[in-house]
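The values are calculated or read from the model by the stated rules, or taken from the named source; none is laboratory data. It should be emphasised that the depicted structure is a prediction, and the values quoted were computed from it without experimental measurement. No Cβ is skipped: glycine too gets one built from the backbone with ideal geometry, and neighbour counts run over all protein chains shown.
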Amino acid sequence: MTTFIKKLGHCPQNWHEEGTAGLQWAKRLMERHPHLALRKPDNTSLAGATSCNHQNVQNFHNIYNELLVKLHFTAKQIYNLDEMMWQLGHVACANEHQMAPVCTIINTRGNVLPPVFVFPHVRINDALMINAPKKSLSGTLTNKTQYDKSSTFKDVGAHQEKYSL
């Protein structure tokens with residue numbers, strides 16, 4: 001990455017000396033983009049940390065490779081769905097610190113599907129989707145279902161199928 005940045009010719013002196021942009025560059029970036037925020041990463045769960053070991057990773061790759069050969073998958077047929085938590089603003093909900101899952105889906109060719117927003121409300125308020133990317137899916141969670149593993153999951157699957165190439 002450092003070599004690529006240097007070739008651009010528009011890099012701070014620190015790139016040439018230390019291979020990094022430096023603290024002043026980071027401060028100026030944050031001043032230019034006040035909507036960005038530094039956050040502390042979440043801790044890894046004990047289950048996630050202990051299950052990610054050499055043997056399990058090797059088993060996963062063995063099964064994955066067998067399926068690729070057997071089923072002849074192409075890059076455009078292999079997708080990754082990642083769930084991240086987004087903080088809802090005070091306009092979206094009464095509790096300013098409430099979090100909502102957002103699912104992003106991308107295939108191995110780099111094609112990104114419209115995101116899926118899952119709101120912790122019984123009803124969807126259209127105002128929540130005003131600045132969302134076109135064709136985004138919105139769903140709800142209620143305390144009763146908490147990620148209803150049938151309806152919400154099926155909706156995400158249908159959304160993926162609809163917008164897949």
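For the condition surrounded by 10 or more Cβ atoms within 10 Å (Cβ to Cβ), assigned to a loop (DSSP other than H, G, I, E, B), hydrophobic (A, V, I, L, M, F, W, C) and modelled with pLDDT of 80 or more, residue 73 qualifies. For the range 123-165, taking the residues that are over 30 Å from residue 74 (Cα atoms) and part of a helix (DSSP H, G or I), the one that is modelled with the highest pLDDT is identified as 129. Selection of the range 28-70 for residues being among the polar types (S, T, N, Q), under 23 Å from residue 86 (Cα atoms) and loosely packed, with under 10 Cβ neighbours inside 10 Å yields 43, 45.
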